[in-house]
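See below for the structure under consideration.
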Amino acid sequence: MKFVPITEERFNPVYEKMTAAFPFEERRDISDQKECFNNRFFNFFEIFDNEADVGFIALWVFPEFVFIEHLAIDEDKRAGGYGSRAIELVKDTYSKPIILEAEAPETEQQIKRIRFYDRQGFKMNHYDYEQPSYHGGKSVPLKILSYPELLSQAEFDLFIKRTRENPYKNSLS
């Protein structure tokens, strides 16, 4: 498995996958997503298994940690181990803590998602957290998961600072 940087010609098909995988509240519009490429911390990859495109991942690689903003495996490829292998590739590539957001485990799908991240070694932090709206609307209550350990208050505060200055900068202005 490998991550391949998304090129301009591959951007639209991948963005279509993003709109299918994430609700409106949890993703940017197309122009704001393209603007992320101008940020030195942003990395947007297609995920390949040999020559087969199986999904995508959007990462923010900060000096202190990696933030997985979006990870999606194509619907017809799910349950094939690709998500686990993608997480392992992130762990192997970056020797720093990994942080991501997930919905609270209330529905069956949300419970499955949390169990998936738990099997990957992520810990659910118990800080109150709301993801700023990408569209100027209501924020989205989410849980913060971290690998390999729970975040200290200082680490959580740094996560808030870095994400408000970068991925969510346009959401707050």
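The values are calculated or read from the model by the stated rules, or taken from the named source; none is laboratory data. Just so we're clear, the structure is a prediction, and the values are computed from it rather than from any experiment. Heads up, the Cβs are rebuilt from the backbone with ideal geometry, glycines too, and the neighbour counts pull from every protein chain shown.
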Six or more apart or on different chains, Cβ atoms under 6 Å: show the pairs whose first residue is in the stretch 124-152 and over 19 Å from Asn166 (Cβ atoms) and whose second is charged (D, E, K, R) and crowded, with 16+ Cβ neighbours inside 10 Å. Met124/Lys143
Which members of the stretch 6-29 meet the condition of being outside any helix (DSSP H, G or I), touching a residue at least 60 places away in the same chain (Cβ under 8 Å) and touching a strand residue (DSSP E or B) at 6+ places or on another chain (Cβ under 8 Å)? Arg27
If I ask for residues that are among the polar types (S, T, N, Q) and more than 20 Å from Leu145 (Cβ to Cβ), which ones from the stretch 39-93 would you list? Asn39, Asn50
I'd like to verify a number: residues in the stretch 20-38 that are among the polar types (S, T, N, Q) and over 14 Å from the mean Cα position of the chain (by Cα), how many? 2
Going through the stretch 12-29 one residue at a time, which ones are in contact with a helix residue (DSSP H, G or I) (Cβ under 7 Å, 6 or more places away or on another chain) and modelled with pLDDT of 95 or more? Tyr15
Of everything in the stretch 115-157, what is surrounded by 17 or more Cβ atoms within 10 Å (Cβ to Cβ) and of a type in the set (A, V, I, L, M)? Give them in sequence order. Ile144, Leu145, Leu151
Sort out which residues of the stretch 73-84 are in contact (Cβ under 8 Å) with a residue 40 or more places away in the chain and under 17 Å from Arg115 (Cβ atoms), and write them in order of number. Tyr82
